[in-house]
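Before we start, here is the structure in question, set down as structure tokens.
The values are calculated or read from the model by the stated rules, or taken from the named source; none is laboratory data. Bear in mind that the values here come from a model prediction, so they are computed numbers and not experimental data. Neighbour counts run over all protein chains shown; Cβ positions are idealised from the backbone, glycine included.
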Amino acid sequence: MKRLAVRLSGTAATEALGAALAACLSPRPGFALLLDGPLGAGKTTLVRGLASVLPGGDEAEVASPSFNICNIYPTVPEVAHFDLYRLEGMSPGEEFHDALEHPETLVIVEWSQYLDGPDRPEDALSCELHAEGKGREAVLSAEGPRASACLEKLERVLLERNIPHTSHEEAE
């Protein structure tokens with residue numbers, strides 16, 4: 001399994017990673033973006049960077065959906081932004097499963113570690129954010145064909161944009 005590690009020096013670098021991810025999306029992404037990391041790790045900041053550069057992103061008021069569980073942004077592709085922090089292991093519900101059924105919607109999940117069994121998407125790009133020295137590091141990996149294709153494209157975009165990263169393969 002391929003893993004990409006991206007060093008993030010601050011908010012602008014985290015938003016730049018989100019923008020790089022947006023550059024990898026088709027209008028029908030058909031996979032979920034799963035974000036994990038402690039409080040304040042930059043999950044919502046990454047989503048803000050992603051949504052802001054998509055068509056319609058100037059209309060997206062990105063905020064953590066902690067209290068209403070899901071925010072929908074009027075972008076192309078549409079973004080369904082879920083935050084499962086308050087659910088602590090309960091099923092995310094019908095709205096989540098409905099969003100996964102629509103390939104033209106990018107489902108983004110903060111606190112995805114709370115997704116178990118049938119709730120966990122089979123085609124997903126995972127991003128773990130954690131503190132690293134004076135900044136943060138984002139470690140990305142993929143499961144499924146669409147997410148894997150996005151990860152491959154992301155590596156090319158990071159190179160084109162001179163965003164420092166490392167890549168390595170792990171045995172599955």
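Contact list please: Cβ distance under 6 Å, first residue in the stretch 1-12 and closer than 12 Å to residue 136 by Cβ, second residue surrounded by 14 or more Cβ atoms within 10 Å (Cβ to Cβ) and β-branched (Val, Ile, Thr), pairs at least six apart or on different chains.
5/139; 8/14; 11/45
Further question on the same structure: I'd like the residue in the stretch 105-125 that is farther than 17 Å from residue 80 by Cβ and not acidic (Asp, Glu) and, out of all such residues, is modelled with the highest pLDDT.
113
Considering only residues of the stretch 29-76 that are touching a residue at least 60 places away in the same chain (Cβ under 8 Å) and of a type in the set (Gly, Ala, Ser), which is nearest to residue 115 (Cα to Cα)? Steps first, please.
To start, the set of residues in the stretch 29-76 that are touching a residue at least 60 places away in the same chain (Cβ under 8 Å) comprises 29-38, 41-44, 46-47.
Restricting the remaining residues to those that are of a type in the set (Gly, Ala, Ser) gives 30, 32, 37, 41-42.
Working: 30: 18, 32: 12, 37: 14, 41: 19, 42: 20 Å.
So, considering only residues that are touching a residue at least 60 places away in the same chain (Cβ under 8 Å) and of a type in the set (Gly, Ala, Ser), the one nearest to residue 115 (Cα to Cα) is 32.
Here's a check for you: in the stretch 1-31, which residue that is of a type outside the set (Gly, Ala, Ser), within 21 Å of residue 170 (Cβ to Cβ) and surrounded by fewer than 19 Cβ atoms within 10 Å (Cβ to Cβ) is modelled with the lowest pLDDT?
Here the answer is 1.
I'd like the full set of residues that are over 16 Å from the mean Cα position of the chain (by Cα) and within 14 Å of residue 42 (Cα to Cα), limited to the stretch 135-161.
The one that is over 16 Å from the mean Cα position of the chain (by Cα) and within 14 Å of residue 42 (Cα to Cα): 135.
Name the single residue that is surrounded by the fewest Cβ atoms within 10 Å (Cβ to Cβ) among those in the stretch 82-92 being out of contact with any Cys (no Cβ under 6 Å at 6 or more places or on another chain) and modelled with pLDDT of 85 or more.
Initial filter on the stretch 82-92 (out of contact with any Cys (no Cβ under 6 Å at 6 or more places or on another chain)): 83-92.
When the remaining residues are screened for being modelled with pLDDT of 85 or more, the result is 83-85.
Working: 83: 25, 84: 23, 85: 16.
The residue in question is 85.
Condition check ((1) surrounded by 15 or more Cβ atoms within 10 Å (Cβ to Cβ); (2) of a type in the set (A, V, I, L, M); (3) closer than 27 Å to residue 5 by Cβ) across all residues:
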| residue | (1), (2), (3) |
| --- | --- |
| 33 | yes, yes, yes |
| 49 | yes, no, yes |
| 60 | yes, yes, no |
| 71 | yes, no, no |
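Those residues that are of a type outside the set (Val, Ile, Thr), farther than 26 Å from residue 131 by Cα and touching a Gly at 6+ places or on another chain (Cβ under 8 Å), I need them from the stretch 43-76; list them, please.
73, 74
I'd like the full set of residues that are in contact with a Lys or Arg (Cβ under 7 Å, 6 or more places away or on another chain) and closer than 22 Å to residue 39 by Cα, limited to the stretch 72-119.
110
With respect to residue 95, determine if the residue is surrounded by fewer than 16 Cβ atoms within 10 Å (Cβ to Cβ), touching a strand residue (DSSP E or B) at 6+ places or on another chain (Cβ under 8 Å) and in a helix (DSSP H, G or I).
Working: surrounded by fewer than 16 Cβ atoms within 10 Å (Cβ to Cβ): yes; touching a strand residue (DSSP E or B) at 6+ places or on another chain (Cβ under 8 Å): yes; in a helix (DSSP H, G or I): yes.
Taking the combined requirement at face value, the residue satisfies it.
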